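FYI, it's all coordinate maths here, none of it is from the lab. Please read all numbers here as calculations on a predicted model, not as lab measurements. Don't worry about glycine lacking a Cβ; one is built from the backbone with ideal geometry, like all the others, and counts go over all protein chains shown.
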Ligand code: SF4
């Protein structure tokens, strides 16, 4: 019998949970096929298949699903509901409805695996999701349990190596599955925290390569995945009320965290056009930086964003920080 192939789009939860699901499916005897990194064809397909008012990341997800659909037996699209200890924190409605949106928009799909990740369903929510997947793939309970244990263990390792070695998720995935080590950082004279959705920041195509541009221009980048979640949560009381959305809280807490780090010279917030949660988060982060007279740049990304526009703004921002530092002696 040939090996079952499970398709995993290289976007959205890829940057959050790929190691966990890769190990889980591999332990069940499946092959995990990822889509290519975003390119023009994937973006164009996504734009074509998605409702026009969707945000870029959701359009991209459609494009990645199209890129995989004829190559795999199953498409893996988890329904992200709640993964926080606070049961009121959830994901935006587009995440919640993603499996339904994909099914309704793209014809001739393979079978979909879409477990709900919902901590509200109890302490063993992740095991329940794994059991549901294992049953759909007709795997024995003992194998599912072993795969679940190994998946949880690699996910913890992934999160730990990002914090300990100050790696972003792409580097963390590379460390785990390819290199087994951290690559040398180029020399830097600036330290900038780059905050925002991982599926935008680490996608070189849609972010107009901003992370590489910064590293190539003597800027060391710091991101929210490099800080332990429990550290970030210490800032949860700073706002009168927590935000409703998982990523939005992480961005705001990471902003507070990096504002408290003396080595950080500036903050860049990368926002998505048409993103409801970001409209509020961007303002919160901007106001906090303004109050402290701290260098801040908001970069909005949409499918029309070109590399030239982004690099001009990055150049102006980094020049301004260096100039200000010189003036302050
Ligand atoms: S949080 Fe914003 S950018 Fe992310 S999927 Fe939802 S609407 Fe789109």
For this session: Could you tell me the distance between the Cα centroids of the range 56-112 and the range 128-198, to the nearest Å?
Result: 19
For this session: For the range 258-329 and the range 13-38, write down the distance between their C-alpha centroids in whole Å.
Result: 32
For this session: Can you figure out the FRET efficiency of residue 142 with residue 183, using R₀ = 25 Å and their beta-carbon distance, to the nearest 0.05?
Result: 0.05
Exercise. Among 125, 61, what is the fewest-to-most ranking by other Cβ atoms within 10 Å?
Worked result: 125, 61
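What is the order of 312, 305, fewest Cβ neighbours within 10 Å to most?
Working: 312 11, 305 16.
By the 10 Å Cβ count, ascending: 312, 305.
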Seminar exercise, completed: Here, the chain modelled as identical Cα point scatterers in vacuum has Debye log10 I(q)/I(0) at q = 0.06, 0.11, 0.12 Å⁻¹ of -0.21, -0.72, -0.86
For this session: Just need the relative contact order of the chain here, percent rounded to a whole number, with Cα pairs under 8 Å and 6+ apart.
Result: 17
Problem set entry | Extension reserve of the residue 280-residue 83 stretch, reckoned as 0.36 nm per residue once the Cα distance is removed | 68.8 nm
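Give me the Kirkwood hydrodynamic radius of the range 185-328 in Å, from all C-alpha pairs, to one decimal place? Before the final figure, lay out the partial values.
On the way: mean 1/r = 0.0647 Å⁻¹.
The Cα-based Kirkwood calculation yields 15.4 Å.
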Exercise. Between residue 260 and residue 319, what is the label-to-label distance in nm when each label sits 7 Å out along the Cα-to-Cβ direction?
Worked result: 3.5
Exercise. Where Rh is the Kirkwood radius over the Cα pairs of the range 108-155, the temperature 4 °C and the viscosity 1.567 mPa s, what D in µm²/s does Stokes-Einstein return?
Worked result: 113
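Please give the FRET efficiency for residue 160 paired with residue 53, using the beta carbon to beta carbon distance and R0 = 41 Å, rounded to the nearest 0.05. Can you show the working numbers first?
Values: r = 39 Å, r/R0 = 0.95.
So the FRET efficiency works out to roughly 0.60.
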